[in-house]
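Below: one structure, written as structure tokens.
The values are calculated or read from the model by the stated rules, or taken from the named source; none is laboratory data. The shown structure was predicted, so the numbers you read here are calculated from the model rather than taken from an experiment. Heads up, the Cβs are rebuilt from the backbone with ideal geometry, glycines too, and the neighbour counts pull from every protein chain shown.
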Amino acid sequence: MFKTRTLMLMLSTSFLLLNCKEEEKVITKNAEVDTEETARPLAELQLDFLNTRYQAYFHYNMCTFKNLNSEEHFGRSTGTEPASMWAPTGLDVAQWAQVCKDARMEGGWLTTKHHGGFCLWDSEYTDYDVASSGVKTDVVGEFVKTFRDAGLKVGLYYSILDYHHGVENGSTTREEIEFLKNQITELLTNYGPIDYINFDGWSSWPTTPNFDDVPYGEIYRLVKSLQPNCLIVNHTYESNLAHAEVPFADAAGRAYPYHPDYMRPTAASDLVQIDWWWDDNNNMRVTKSVEYILGQLDSYNSHNSVYILNISPNPAGRIDDDAIVRLKEAAAVWEKPEDLKSPGANWGFAYEVSENLAFLRPCSQSSTHTFIRDKRAYPRADIAVDGVTEGNGEMEQTSWTEVEDRPWWKVDLQAEHKINEIKLFDRTDKHTDELKNFTVSIWDADEKEVWKSDEVNAASKTHTIAVPDIVGSFVKVQLNGKGSLALAEVIVKGK
């Protein structure tokens, strides 16, 4: 699979990344010069993103050519298509950038690797890429440079699901996780500053790797060690920060999908043509009216959501004329909202997450309540360590179990720590699920209980429990009776 690298190099790369993750400043390799970048508050990054309001998606990858070479329509490639099928004859990313500017969009996102696994850059970790095709242009490099030079924001889409390399649900190995991390590292070190990295194919339907297969916290820490100001956008359909810094949903054909009162920054994708991928067998054409585009912009922008409209390049590598005309028509009459001057009071993280030993660490719970608004977004255990203390369950702001006997929640700190305080934030939109009679316990690396505190008649929305410097690797919360356990946040402090 690898061109020149060995597994030993993969592991040494991961070791270096782990060593640098604790640094407050990281070195980002710019296309021309090395620069030192200091992390900005998440709320500021969200504000910058929100004020763009309108950006472009470019679904351009192997599926474009699969549709060209087939009489059937395909919505994705399977990873079995030969690299030689990739054959653009007139790639023109400068035209794409001009289309964005004429449409009054402020950035563009490229499908660097979709579910089929074909890479639009020369990756050291696979031969399934442009370098193995007849057209060896580094599309990622051309895209990033052209859009940056045009003053546009740059987003790189990367699929965790990867049919060609076997990264699928329930079977993901450590070697496959390292493969993903090494490719993400390439994207975030070889092309200078990247504004957004957009993950997909990750716990969004049954065949995709879930967050147990590929832990989000591990990928989060990698991204932030490489580019602390690269905003993580993930197709989670969740309205929380458990698996993204900006939640994402498909807007195709529907209005704002989150709770109507949810006003944290989000993103949503839609398509101006008949499908995500160009296809001459699918009567490829523009299907969205100016009125539709304006209506979607209003629906999403009014809820602090950025509208990401897909434009499918044709096999040659250019945008079709009818799409250009429609986008210009919408741009001529769109009234862009004025920029917000400051972030919302509840944006970003609610506290200094570096002080929480549990932040974005792997979590589990005795059961998981059914989805609330979208069947791809469940109230998972991970929500209780997402850096947000809000507790509105109906807005997917809490972990949440089914009603059962002695439901529990647990976090793996992934190392031994001397714990001196555990703080719990309860659900706030319902009183029936209040945390009253429960036990908090600490477990060692062998998952043996080493300390516990029984909290009785402790009705409160927050619970601060002093711990006498107990060394442990896991923290568990369990109701002492029948009920449903919902936690907005768990903060574990210590050394």
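Working carefully through the options R326, R318, find the one that is modelled with pLDDT of 95 or more, out of contact with any helix residue (DSSP H, G or I) (no Cβ under 6 Å at 6 or more places or on another chain) and not β-branched (V, I, T).
R326
Taking only the range 40-65 into account, find how many residues are in a helix (DSSP H, G or I) and either in contact (Cβ under 8 Å) with a residue 60 or more places away in the chain or surrounded by fewer than 23 Cβ atoms within 10 Å (Cβ to Cβ) (or both).
Of the residues in the range 40-65, 12 are in a helix (DSSP H, G or I) and either in contact (Cβ under 8 Å) with a residue 60 or more places away in the chain or surrounded by fewer than 23 Cβ atoms within 10 Å (Cβ to Cβ) (or both).
Can you tell me which residue within the range 176-200, out of those that are assigned to a helix (DSSP H, G or I) and of a type in the set (D, E), is surrounded by the fewest Cβ atoms within 10 Å (Cβ to Cβ)?
Ranking the qualifying residues of the range 176-200, first place goes to E178.
Please determine, by comparing only the residues of the range 345-369 that are in a loop (DSSP other than H, G, I, E, B), touching a residue at least 24 places away in the same chain (Cβ under 8 Å) and out of contact with any helix residue (DSSP H, G or I) (no Cβ under 8 Å at 6 or more places or on another chain), which one is nearest to S399 (Cα to Cα).
Step by step, filter the range 345-369, then rank; the result is H369.
Can you work out which of the residues in the range 212-240 that are in contact with a helix residue (DSSP H, G or I) (Cβ under 8 Å, 6 or more places away or on another chain) and among the aliphatic types (A, V, I, L, M) is nearest to W276 (Cα to Cα)?
By that ranking, first place goes to I232.
Quick one: in the range 443-466, which of the residues that are at pLDDT 95 or above and small (G, A, S) is farthest from N420 (Cα to Cα)?
A445
Restricting attention to the range 248-267, and to residues there that are among the hydrophobic types (A, V, I, L, M, F, W, C) and out of contact with any strand residue (DSSP E or B) (no Cβ under 6 Å at 6 or more places or on another chain), which single residue is modelled with the lowest pLDDT?
A255
When the range 138-150 is examined, which residues are found to be over 13 Å from A94 (Cβ atoms) and not in a helix (DSSP H, G or I)?
D138
When the range 460-481 is examined, which residues are found to be more than 35 Å from the chain's Cα centre (by Cα) and closer than 25 Å to T368 by Cα?
Answer for the range 460-481, where residues must be more than 35 Å from the chain's Cα centre (by Cα) and closer than 25 Å to T368 by Cα: N480, G481.
Go over the candidates L7, L68, L16 one by one and state the one that is of a type outside the set (V, I, T), modelled with pLDDT under 95 and touching a helix residue (DSSP H, G or I) at 6+ places or on another chain (Cβ under 8 Å).
Checking each option against the conditions leaves just L7.
Would you pick out the residues in the range 278-295 that are in a loop (DSSP other than H, G, I, E, B) and without any contact (Cβ under 8 Å) to a residue 60 or more places away in the chain?
N283, M284, R285, T287, K288, S289
Which one of K448, K423, K418, K461 is out of contact with any helix residue (DSSP H, G or I) (no Cβ under 8 Å at 6 or more places or on another chain), farther than 30 Å from Y262 by Cβ and touching a residue at least 60 places away in the same chain (Cβ under 8 Å)?
On inspection, the qualifying residue turns out to be K418.
Among the residues of the range 77-99, write down those that are over 15 Å from C119 (Cβ atoms) and outside any helix (DSSP H, G or I).
T78, T80, A87, T89, G90, L91, D92 - these are the residues of the range 77-99 that are over 15 Å from C119 (Cβ atoms) and outside any helix (DSSP H, G or I).
Looking only at the range 138-151, which residues are surrounded by fewer than 22 Cβ atoms within 10 Å (Cβ to Cβ) and either out of contact with any helix residue (DSSP H, G or I) (no Cβ under 6 Å at 6 or more places or on another chain) or not assigned by TED's automatic domain parsing to the domain that holds Q46 (or both)?
Listed by number, the residues that qualify are D138, G141, K145, R148, D149, G151.
Does K410 satisfy the condition of being closer than 20 Å to A358 by Cα, free of Cβ contacts under 8 Å to residues at least 40 places away in the same chain and not β-branched (V, I, T)?
no
When you scan the range 374-475 for strands (runs of 3 or more DSSP E) that lie fully inside it, which ones turn up with 2 or more residues that are outside the structural domain of E489 (by TED's automatic domain parsing) and either surrounded by fewer than 17 Cβ atoms within 10 Å (Cβ to Cβ) or not acidic (D, E) (or both)?
No strands (runs of 3 or more DSSP E) qualify here.
For the range 336-356, state whether one or more residues are closer than 30 Å to N480 by Cα and touching a Leu at 6+ places or on another chain (Cβ under 6 Å).
no
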